[in-house]
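Note sheet for the following structure.
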Amino acid sequence: MSQPKLVKRFPINAIGRDFAAGDIHGHFTLLQKALDEVGFNPATDRLFSVGDLVDRGPECEQVLEWLDKPWFHPVRGNHDDYVCRHDTCDIDNWLINGGAWFMSLTDAERGEFAAQFRELPIAIEVDTPEGLIGLLHADCPFPSWQHLLERLEGGAEGGSLRNIKNACMWSRRRVELEDS
């Protein structure tokens, strides 16, 4: 079985618009309402998300329907990472942060969610008329986007790669340092 791509790239959307969404946290009805308000056209437009698709909201189980939409492109956030590591993560911490919905699933359902979430990239790069846009959930642990891409795409192995992925999904360094 091949490893999922850690970085996904998208060319310029020559026929529609691109949108980006912050943390969704299981609020797919609110997301759809926002898309409706801007006249989102699923035939031509694309929606990129910085992850945290689940936990805290009432519609977490709808995430698989959204992942099937050809125009929806999320990265993996830390709450999505909980799903990937559901059998090894800190369950008590996850429950405090909204993971109870997952605990109510059957083992087969948990496996399906985890398999789908493991396919989510850590980073997305979108070409736009104004230049490349890079999307992560949390933080780029390097001084340049290019350095991050090089490390995610083959320049890091084992524990080092795990640390880089964790920084991209979990780091709060910039928030704590008030560094935008």
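Structure data summary
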item: Paired Rg and Dmax values of the range 48-136, which use every Cα atom, in angstrom; result: 13.9, 46
item: Label-point separation in nm, V38 to E130, each point 7 Å along Cα→Cβ; result: 1.2 nm
item: T106-K69 pseudo-label distance in nm [points 7 Å out on the Cα-to-Cβ vector]; result: 2.7 nm
item: Contact order normalised by residue count of the chain, Cα under 8 Å, 6+ apart, percent; result: 25 percent
item: MRE, 222 nm, helices only [DSSP H, n ≥ 4, -39500 (n - 2.57), over the chain, to nearest 500]; result: -9500 deg cm²/dmol
item: Dipole magnitude of the range 109-157, debye to nearest 20 (Cβ charges: Lys/Arg +1, Asp/Glu -1, about Cα centre); result: 140 debye
item: Magnitude of the charge dipole, the range 60-99, Cβ model with Lys/Arg +1 and Asp/Glu -1, debye to 20; result: 160 debye
item: Surface accessible to a 1.4 Å probe, per residue, for the residues of the chain, Å²; result: 55 Å²
item: The range 113-180: C-alpha gyration tensor shape, a/c 1.5 cut-off, then a/b vs b/c; result: rounded
item: For the range 1-60 versus the range 75-113, the gap between their alpha-carbon centres in whole angstrom; result: 20 Å
item: Antiparallel bridges, percent of DSSP beta bridges restricted to the chain (to nearest 5); result: 30 percent
item: Relative contact order for the range 1-93, counting Cα pairs under 8 Å that sit 6 or more residues apart, in percent; result: 29 percent
item: Residues of the range 35-49 with amide N under 15 Å of a point placed 7 Å along Cα→Cβ from A21; result: 35-43, 45-49
item: D_trans [Stokes-Einstein, Kirkwood Rh over alpha-carbon pairs] for the chain, 37 °C, 0.692 mPa s, µm² s⁻¹; result: 192 µm²/s
item: In sequence order, calculated HN-Hα J values of the range 131-144 (Karplus, 6.51, -1.76, 1.60; Hz; x Gly/Pro); result: x, 6, 10, x, 10, 9, 7, 10, 8, 8, x, 10, x, 9
item: Dipole magnitude of the range 58-180, debye to nearest 20 (Cβ charges: Lys/Arg +1, Asp/Glu -1, about Cα centre); result: 320 debye
item: Residue among G159, V63, P74 farthest towards the positive dipole end of the chain, charges placed on Cβ; result: G159
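The values are calculated or read from the model by the stated rules, or taken from the named source; none is laboratory data. As the structure is a computational prediction, the values presented were derived from the model and not from experiment. So basically every Cβ, Gly included, is an ideal-geometry build from the backbone, and we count neighbours across all protein chains shown. Ligands, DNA and RNA are stripped out before the accessible areas are found, and what is left, the full protein with its side chains, is counted by its heavy atoms. Shrake-Rupley method; radii C 1.70, N 1.55, O 1.52, S 1.80 Å.
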